[in-house]
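Peer 1: I am attaching a structure below and will ask some questions about it afterwards.
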Amino acid sequence: MRIAILSDIHANLPALEATLKSIDSQKPDAIYCLGDLVGYNVWPNEVINEIRKRGIATLAGNHDAKAKKVWHDGTEGSNYAYSIIGTNEMDYLATLPAHIRLEFSFNGKPIHLLMVHGSPYSNKEYLLEDKDEAEFLNIFTDTGAHILLFGHSHKPYHRILPAGNGTDQEYVHAINVGSVGKPKDGDPRACYVMLTLTENSNLSDKDTITVGFIRVAYDIEKAVAGIKDSPLPDEFADMLRNAY
C-alpha cells in the first residue's frame with residue numbers, strides 16, 4: 001500500500017498542479033490531504049475544485065476553519081485571500097473533518113494511522129521536530145495511534161520514537177508531510193510524502209514502514225505574480241521565493 005499525503009496548499013495552484021502531476025507519476029493506491037487549502041494566494045476556488053474533482057479525502061486546516069469568519073472582512077491585506085472564496089467552495093470547507101483514521105492489520109497485528117492538520121488536539125498546534133519525547137509519546141498513548149501524519153508548520157520531518165520496553169519494544173512514527181504551496185524549510189519546492197506499508201510492516205521493526213519526502217519544482221514566479229497582481233501583501237511573494 002502506497003499512500004500519498006499532501007498538506008498546506010494555501011491557494012497555490014501552480015504548486016498543486018505540479019504536485020499532482022508528480023503524484024500521478026508515482027501511481028499511489030490512495031491520496032489524502034491534511035488541509036489548509038486556502039489563504040496566502042489567489043486560487044482558493046481552483047484548488048478546492050481540483051481536490052474535489054479528484055475525490056481526495058481532506059481535513060480542515062486552521063485557515064480552512066478561519067475562512068468563513070473573515071469572509072466578508074474586506075478585500076485588503078491578507079483577508080483578500082478569503083474574500084474571493086466562492087459560496088459553494090466555502091460550504092465545502094465548512095464540512096471538512098478534523099481527523100482521518102485508518103487501521104491496517106499485518107500478520108494479525110494492527111497498525112493505527114491518524115491524520116490531523118496541526119495536532120490531534122487543535123488544528124493550530126505545532127508539533128515541532130524537537131518536541132519533548134515524553135510529551136510526544138503521550139500523544140500516541142492518548143490517541144492510540146502508531147503513525148501520526150500532520151502538517152501546519154510547513155517543515156517536513158520523520159521522527160521515530162521508541163514505545164514499549166524490553167522484548168515488547170515497538171516504535172511509533174511522527175511524520176510532518178511539509179507544505180505543497182508555502183514551504184518554510186528553506187527549500188521553495190513543493191513537498192509531499194509517500195508512505196509505504198507492506199505485508200511485513202510492523203511496529204517492532206522501524207524500517208518496515210517507509211516514508212519518502214518528494215520535492216517538486218514548480219513555476220514559483222507564476223505564483224508570485226498572482227500575489228503581486230492582487231491586494232495581498234508583497235511579503236507573501238518573498239515567503240514563496242525564500243521558503244520562510
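Peer 1: Answer yes or no as to whether LEU114 is touching a strand residue (DSSP E or B) at 6+ places or on another chain (Cβ under 9 Å) and either open to solvent by less than 10 Å² (accessible area, probe 1.4 Å) or closer than 13 Å to ALA11 by Cβ (or both).
Peer 2: yes
Peer 1: Inside the range 69-97, can you point out the residues that are closer than 27 Å to THR143 by Cβ, buried (at least 16 other Cβ atoms within 10 Å of the Cβ) and not hydroxyl-bearing (Ser, Thr, Tyr)?
Peer 2: Within the range 69-97, LEU93, LEU96 qualify.
Peer 1: With respect to MET90, determine if the residue is touching a Leu at 6+ places or on another chain (Cβ under 6 Å) and either free of Cβ contacts under 8 Å to residues at least 60 places away in the same chain or not basic (Lys, Arg) (or both).
Peer 2: no
Peer 1: Collect the residues in the range 155-176 that are open to solvent by 50 Å² or more (accessible area, probe 1.4 Å) and in contact (Cβ under 8 Å) with a residue 12 or more places away in the chain, keeping them in residue-number order.
Peer 2: Of everything in the range 155-176, those that are open to solvent by 50 Å² or more (accessible area, probe 1.4 Å) and in contact (Cβ under 8 Å) with a residue 12 or more places away in the chain turn out to be LYS155, HIS158, ILE160, GLN169, GLU170, TYR171.
Peer 1: Further, regarding this structure: Six or more apart or on different chains, Cβ under 9 Å: which pairs go from a residue in the range 121-138 that's within 14 Å of LEU34 (Cβ to Cβ) and touching a residue at least 40 places away in the same chain (Cβ under 8 Å) to one that's open to solvent by 60 Å² or more (accessible area, probe 1.4 Å) and among the aliphatic types (A, V, I, L, M)? Could you list them?
Peer 2: Between residues of the range 121-138 that are within 14 Å of LEU34 (Cβ to Cβ) and touching a residue at least 40 places away in the same chain (Cβ under 8 Å) and residues that are open to solvent by 60 Å² or more (accessible area, probe 1.4 Å) and among the aliphatic types (A, V, I, L, M), the close pairs are ASN123/ALA98.
Peer 1: Given the criteria in contact with a helix residue (DSSP H, G or I) (Cβ under 8 Å, 6 or more places away or on another chain) and modelled with pLDDT of 95 or more, does TYR157 qualify?
Peer 2: No: the conditions fail for TYR157.
Peer 1: When the residues of the range 99-130 are narrowed to those that are assigned to a strand (DSSP E or B) and not hydrophobic (A, V, I, L, M, F, W, C), which ends up nearest to the chain's Cα centre (by Cα)?
Peer 2: ARG101
Peer 1: Would you mention how many residues in the range 186-202 are open to solvent by 30 Å² or more (accessible area, probe 1.4 Å) and not hydroxyl-bearing (Ser, Thr, Tyr)?
Peer 2: Adding up the residues that qualify gives 7.
Peer 1: Can you name the residue in the range 203-230 that is in a loop (DSSP other than H, G, I, E, B) and open to solvent by less than 50 Å² (accessible area, probe 1.4 Å) and, of all such residues, is farthest from ARG2 (Cα to Cα)?
Peer 2: In this case the residue turns out to be SER230.
Peer 1: Which one of the conditions (1) at pLDDT below 95; (2) under 19 Å from the mean Cα position of the chain (by Cα) does ILE48 fail to meet, given that it meets all the rest?
Peer 2: (1)
Peer 1: Got a number for residues in the range 153-175 being more than 25 Å from ASP219 (Cβ to Cβ) and touching a Phe, Trp or Tyr at 6+ places or on another chain (Cβ under 8 Å)?
Peer 2: Going through the range 153-175 one residue at a time, the tally reaches 9.
Peer 1: Residues of the range 1-44 being open to solvent by less than 30 Å² (accessible area, probe 1.4 Å), assigned to a strand (DSSP E or B) and free of Cβ contacts under 8 Å to residues at least 60 places away in the same chain, which ones?
Peer 2: ALA30, CYS33
Peer 1: Next up: So LYS66 passes all but one of these: (1) in a strand (DSSP E or B); (2) open to solvent by 50 Å² or more (accessible area, probe 1.4 Å). Which condition number does it fail?
Peer 2: (1)
Peer 1: For ASP142, work out the one condition from (1) open to solvent by 10 Å² or more (accessible area, probe 1.4 Å); (2) closer than 23 Å to ASP8 by Cα it doesn't fulfil.
Peer 2: The failed condition is (2).
Peer 1: When you check ASP238 against the structure, is it open to solvent by 40 Å² or more (accessible area, probe 1.4 Å) and acidic (Asp, Glu), yes or no?
Peer 2: yes
The values are calculated or read from the model by the stated rules, or taken from the named source; none is laboratory data. Small disclaimer: the values here were computed from a predicted structure and weren't measured. Using ideal geometry, Cβ is built from the backbone for each residue, glycine included, and neighbour counts are taken over all protein chains shown. Heavy atoms of the whole protein, side chains included, go into the accessibility calculation; ligands, DNA and RNA do not. Shrake-Rupley method; radii C 1.70, N 1.55, O 1.52, S 1.80 Å.
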